[in-house]
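Let me begin by presenting the structure, written as structure tokens, before commenting on it.
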Amino acid sequence: METIKRTKIVDVLKSTDFGTIVNVKGWVRTRRGSKQINFIALNDGSTINNVQIVVDLDKLGEEYLKPITTGASISVNGTLVQSQGKGQSVEIQANEIEIYGTADPATYPLQKKGHSMEFLREIAHLRLRTNTFGAVFRIRHNMAYAIHKFFHDRGFFYFHTPIITASDCEGAGQMFQVTTKNLYNLKKDENGSIIYDDDFFGKQTSLTVSGQLEGELGATALGQIYTFGPTFRAENSNTPRHLAEFWMIEPEVAFNDIYDNMELAEEFIKYCVRWALDNCKDDVQFLNDMFDKGLIDRLQGVLKDDFVRLPYTEGIKILEEAVAKGHKFEFPVYWGVDLASEHERFLVEEHFKRPVILTDYPKEIKAFYMKQNEDGKTVRAMDVLFPKIGEIIGGSEREADYGKLYNRIQELNIPMKDMWWYLDTRRFGTVPHSGFGLGFERLLLFVTGMSNIRDVIPFPRTPKNAEF
Ligand code: 4AD
Ligand code: MG
């Protein structure tokens, strides 16, 4: 076959160079047709749209076309022409086709449309080749790019915090241990505790649950930083919103108070949503049409309204009133409770009908590092609650006072020997500062309209599942 430089299908579809010879390569979505003429829908991942290859069977015999079935990979040389058919503006009249690899119809799992999401999760290595997952992962890439652009344009520095750590940022004890010790022969002291002196790092270490603590070190030197990396939580929650391995974006800004922090969070999330609407049109439209007819409306809705800002205590009152009026929640509502996603969604979807930033939570249900309020009961926490998702962002103003932070660490029995470096930020040139964490997959759930978080990350890690 003649060698012609490949054109990506996304570019071919935009081209108006009719009459030129082009080369495209990709995977066959379908082949159909008659004894005279065949139509191959070809996709190369560069766009949701396929290019139609028109094959004259006088030119390329029927026998030759037989192995070109759904899933096969081919290279096509042909003439770019204006399309007569509906739904596309260009097509390619094939001169030559080379078959790279066949996909036996008897065993290739992606035959028909309409596989269940559950089935596709079992073949996560191949589901990437479906329209749906192509759309989701192109959007995922675009969102990552938008996030870096947002922060870079505003003078933030991308700060790389460690994946392996000896401290538990969120204090929830949901960490995956990292060790090179022989698990069949663990050395223990007289109390039965494992001795880590001879472990790789000489101490007990885990995968990080958050880069925040190290992020604060960056922010109190570089002014404003953000992290964007994998995060690990061994919480045994099998829900459509939890992963054991997820990606988190954590901006941290020196001199910002909680109000600046809320403003940044709102601006940031709106920027990401607008980016998806402007730059992922075909993919968002596809997901809107196929899965979630309200998707585009919901995305535009979030851009339109100011987010509600509401203290936790007020939020509880609203929920209690709803209960008094007969609204049924699965979990109880009372001051001090850690809100369940049904409560968060009630506030957002039914009460206010727009995103809500809930602030000033009881200190007992929040992490040790949050700035303590004068009332002695609440802290300057802020959670951003979204329609269909619930909590999409968690953050706070940080406790900048050395004494108050020291006491809180002691109260919570957090080992002080692991915290000396963190406390040093408050010992030397302490400043007010704030930050938050956005769950990247929660943002993607919102932007794609997918209903399960396992479907917005290529290879999900959840309890009892680490395939691929
Ligand atoms: O609310 P979280 O636990 O906050 C922190 O980790 C802070 N250190 C962030 C900060 O202030 N720098 O987590 C932040 C966000 C949540 O709002 C949620 O979107 C996401 O991370 N998240 C998860 N996403 C998927 N699976 C999980 N298991 C998640 N846990 C949290
Ligand atoms: Mg949280």
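The values are calculated or read from the model by the stated rules, or taken from the named source; none is laboratory data. Remember, predicted model here, so these are calculated numbers, not experimental data. All Cβ positions, glycine included, derive from the backbone under ideal geometry; neighbour counts span all protein chains shown.
Determine which member of the set 30, 47 is of a type outside the set (A, V, I, L, M) and out of contact with any strand residue (DSSP E or B) (no Cβ under 9 Å at 6 or more places or on another chain).
47
Quick one: count up the residues across the range 228-247 that are within 16 Å of ligand 2 (Cβ to nearest atom), within 14 Å of residue 453 (Cα to Cα) and not in a loop (DSSP other than H, G, I, E, B).
Summing the residues that are within 16 Å of ligand 2 (Cβ to nearest atom), within 14 Å of residue 453 (Cα to Cα) and not in a loop (DSSP other than H, G, I, E, B) in the range 228-247 gives 2.
Select from the range 128-172 the residues that are assigned to a loop (DSSP other than H, G, I, E, B), over 21 Å from residue 289 (Cα atoms), modelled with pLDDT of 95 or more and aliphatic (A, V, I, L, M) and list them in ascending order.
163
Considering only the range 42-79, how many residues are surrounded by 15 or more Cβ atoms within 10 Å (Cβ to Cβ) and either in contact (Cβ under 8 Å) with a residue 40 or more places away in the chain or more than 39 Å from the chain's Cα centre (by Cα) (or both)?
Count: 26.
Being within 21 Å of the chain's Cα centre (by Cα) and surrounded by 20 or more Cβ atoms within 10 Å (Cβ to Cβ): is that true of residue 220 here?
No, not satisfied.
What's the total number of residues in the range 101-118 that are more than 16 Å from residue 30 (Cα to Cα) and touching a residue at least 40 places away in the same chain (Cβ under 8 Å)?
Here the count works out to 1.
Just the residues that are of a type in the set (Gly, Ala, Ser) and more than 20 Å from residue 441 (Cα to Cα), please, taken from the range 85-138.
85, 87, 89, 94, 101, 103, 106, 114, 116, listed by residue number.
Determine which member of the set 366, 404 is under 30 Å from residue 222 (Cβ atoms), modelled with pLDDT of 95 or more, within 15 Å of ligand 2 (Cβ to nearest atom) and of a type outside the set (Ser, Thr, Tyr).
On inspection, the qualifying residue turns out to be 366.
Tell me, which residue of the range 27-75 that is modelled with pLDDT of 95 or more and of a type in the set (Phe, Trp, Tyr) is farthest from residue 128 (Cα to Cα)?
It comes out as 39.
Answer yes or no: is there a residue in the range 293-306 that is assigned to a strand (DSSP E or B) and either touching a residue at least 24 places away in the same chain (Cβ under 8 Å) or not small (Gly, Ala, Ser) (or both).
No, because not a single residue in the range 293-306 is assigned to a strand (DSSP E or B) and either touching a residue at least 24 places away in the same chain (Cβ under 8 Å) or not small (Gly, Ala, Ser) (or both).
Does the range 400-438 hold any residues that are under 24 Å from residue 248 (Cα atoms) and touching a strand residue (DSSP E or B) at 6+ places or on another chain (Cβ under 6 Å), and which are they?
Matches in the range 400-438: 433, 434, 435, 436, 437, 438.
Could you list, in sequence order, all residues of the range 253-269 that are crowded, with 18+ Cβ neighbours inside 10 Å and more than 16 Å from ligand 2 (Cβ to nearest atom)?
Answer for the range 253-269, where residues must be crowded, with 18+ Cβ neighbours inside 10 Å and more than 16 Å from ligand 2 (Cβ to nearest atom): 253, 254, 256, 264, 266, 268.
With the requirement that a residue be more than 14 Å from residue 442 (Cβ to Cβ) and near ligand 1 (Cβ under 9 Å from one of its atoms), what does the range 246-260 give you?
Correct list: 251, 252.
Keeping to the range 407-430, report how many residues are under 31 Å from the mean Cα position of the chain (by Cα) and modelled with pLDDT under 95.
3
Show me the helices (runs of 4 or more DSSP H) entirely contained within the range 349-468 in which 1 or more residues are hydrophobic (A, V, I, L, M, F, W, C), out of contact with any Asp or Glu (no Cβ under 6 Å at 6 or more places or on another chain) and away from ligand 1 (no atom under 15 Å from the Cβ).
402-411, 420-427
Quick one: in the range 159-182, of everything that is more than 20 Å from residue 413 (Cα to Cα) and β-branched (Val, Ile, Thr), which residue is farthest from the chain's Cα centre (by Cα)?
Only one residue fits best here, namely 180.
From the list 190, 263, 235, 250, which residue is of a type in the set (D, E, K, R) and under 24 Å from residue 429 (Cα atoms)?
From the options 190, 263, 235, 250, the qualifying one is 250.
If a residue must be under 29 Å from the mean Cα position of the chain (by Cα) and either among the basic types (Lys, Arg) or farther than 30 Å from residue 447 by Cβ (or both), how many such residues does the range 380-403 contain?
The total comes to 4.
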